[in-house]
1. Can you give the local net charge around SER228? Use residues other than it whose beta-carbon is closer than 15 angstrom to its beta-carbon, Lys and Arg +1, Asp and Glu -1.
2. Between rounded, prolate and oblate, where does the stretch 416-484 land on the alpha carbon gyration tensor, with a ≥ b ≥ c its root eigenvalues, rounded for a/c under 1.5, else prolate if a/b exceeds b/c?
3. With respect to the cross-link table entries LYS36/LYS137; LYS115/LYS137; LYS71/LYS116; LYS41/LYS116, which display a Cα-Cα separation exceeding 23 Å?
4. Run the numbers for HIS188 and TRP496: contour at 0.36 nm per residue of separation, minus the present Cα-Cα distance, in nm.
5. Would any residue of the stretch 318-359 have its amide N under 18 Å from a label point 7 Å out along Cα→Cβ of ALA403? List them or say none.
6. About the Cα centre of the stretch 131-173, what is the dipole size in debye to 20, counting +1 per Lys and Arg Cβ and -1 per Asp and Glu Cβ, all else neutral?
7. Could you compute the net charge surrounding SER163? Neighbours are other residues with a C-beta less than 12 Å from the C-beta of SER163; K and R count +1, D and E count -1.
8. With θ set to phi - 60° and the Karplus curve 6.51 cos²θ - 1.76 cosθ + 1.60, what are the ³J(HN,Hα) couplings of the stretch 58-73 in order, to the nearest whole Hz, using x for Gly and Pro?
Amino acid sequence: MIKELTQRPYRKRIRVVHKVPIDQEWDKPVSFARIKEELSKSSDIIFRDFILRGKEDIPCSLGMVDGLVDKDLLDAYILRVIMVEAVDDPVFQEMTLKNVNDRLLDLFTPANEVKKIGRLGEAIDGMLSGDAVLFIKESQEALVISARGWSDRGVGVPQNESSIRGPKEGFNETLRTNTSLLRRKIKHPSLRLVSMKIGDLSKTDVVIAYVETIADMDVVGEVLKRLSRIRTDAVISGDMLEELIEDHPYSPFPQVSNTERPDIVAADLLEGRVAIMVDGTPSALIVPVTLPTFMQVNDDYYQRAMIVVIVRTIRYWGAFIALLAPSLYIAVTTFHQELMPTTLVLSLAANREAVPFSALGEALLMLLALEILQEGGLRLPKPIGQTIGIVGALIIGDAAVSAGLISPIMVIVIGLTAVSGYTIPYYDLAIAIRLIRLPLMILAGTMGFFGLAVGLYLCIIHLLALRSFGTPYLSPIAPLRIRAFLQDTFVRAPWWASREIPDLVDVHDTKSGRKK
């Protein structure tokens, strides 16, 4: 069976079946027989066969996936209706094959949602999504009955985006729960939730959320177009979509934001952005994004504006130190000693007297050890990982200095670099800075400040060329938008001074309906 599933003809046949009407079949006159044959190979797919006793005896079968359906709902509102109430219904006794679907629709009114379908693909997708599907022999239609009832994790506290004063609820792996959390934040009819399925085999449910009266519909159309063009067998998580829809896949900088907090998604939607939520992923993707948004956290909007200005200043200085501290130290100690006071030069020379490596070699060795410790601590269980990171750094740093392999000042520089990197809120941006830091160090170690300047110029040119769904990556800095720059970039304006949506991206004016 495994060999059969991996063969291309089988996979092609699965794609073809989704287009076949229920009253047609590959090689058998009854389409349901073929569906049952294919799906019954899985032990969790159940078919309940029975006969409707009316003016004509009508063979039927109820298909479902064990574990995805609510069995109590099936027993109370579906099977009981068919097998008990229908027998005593005089109208039902006059039922024939021509009117059976209409009559069953009336009987299934207590169920959440019931709809007619006419294609095999819709029937298969309904069953595998957790619905119950009622097949009626020789009928051209089947009934999809909403009976989803699987267990989920529930709404919990976000693990990676903690908040001091903000809400403590986060997304989970159930898509409908996530959309309900978002709907609770924005209680307006202009909030649109568009559903689609991606993946030829996984059929993953994806929801695109936006506020119609605010968002730029060109951006919404571009998001829908890029998602509809994805051709893949399976989408397991939203992170896969992030790589498939970004503008510049070879850039180290993130072009799609990722958050597990409903309040952040709601705030982004009200700024004109678009959210992408994937079933099975406890987070949402946000597009378009700009570089300043990756330096903002949810607590910035729950603290007083004066405190936010101080905290953001510290955050930007931390990012600056994490990117340039090793390169500046290497350039100064290797090529530009005249920039330092004489006493400091003598102190550094005394500390480095017994060190066999150059400043560049020292920094590369220390950064390699730091990256290994960070990766090892990240993959271990949380209590053990924290212990390994702290103890490992202390022991290795002290042993390297005692052995004369590393100078004490280099340990200070690399330690300050590592701590400063933790001030960057978004992990993806922190990784990008760690990646760019290496070529900057090599340029500084070979050409001094000139090489460092060349590296920074190339980074700035790259950032100016980046786009996220058509939005400049450095907006509102370049191109400069004064109101947005003063309202929510390096500083956050007080709430009493923020009466309009900041134009970080192209949005519609909610009063005039025109683009800002």
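1. Working: positive: LYS197, LYS203, LYS225, ARG226, ARG229, ARG231; negative: ASP200, ASP205, GLU222.
Residues close to SER228 contribute a combined charge of +3.
2. Details: a/c = 2.28, a/b = 1.41, b/c = 1.62.
Oblate, because a/c is 1.5 or more while a/b does not exceed b/c.
3. Values: LYS36/LYS137 12 Å; LYS115/LYS137 17 Å; LYS71/LYS116 21 Å; LYS41/LYS116 26 Å.
In this structure, LYS41/LYS116 exceed 23 Å between Cα atoms.
4. In short, 108.6 nm is gained.
5. It comes to 352-359, nothing else.
6. Numbers: 5 positive and 7 negative charges, 50 e Å.
The calculated dipole for the stretch 131-173 is roughly 240 debye.
7. Working: positive: ARG165, LYS168, ARG261; negative: GLU161, GLU169, GLU260, ASP263, ASP299, ASP300.
So the environment of SER163 carries a net charge of -3.
8. 10, x, 9, 8, 9, x, 7, 10, 5, x, 9, 9, 8, 5, 5, 5
The values are calculated or read from the model by the stated rules, or taken from the named source; none is laboratory data. Quick caveat: nothing in here was measured; it's all calculated off a predicted structure. Note: ideal-geometry Cβ built from the backbone for every residue, glycine included; neighbour counts use all protein chains shown. SASA here: full protein model, heavy atoms, side chains in, ligands and nucleic acids out. Shrake-Rupley method; radii C 1.70, N 1.55, O 1.52, S 1.80 Å.
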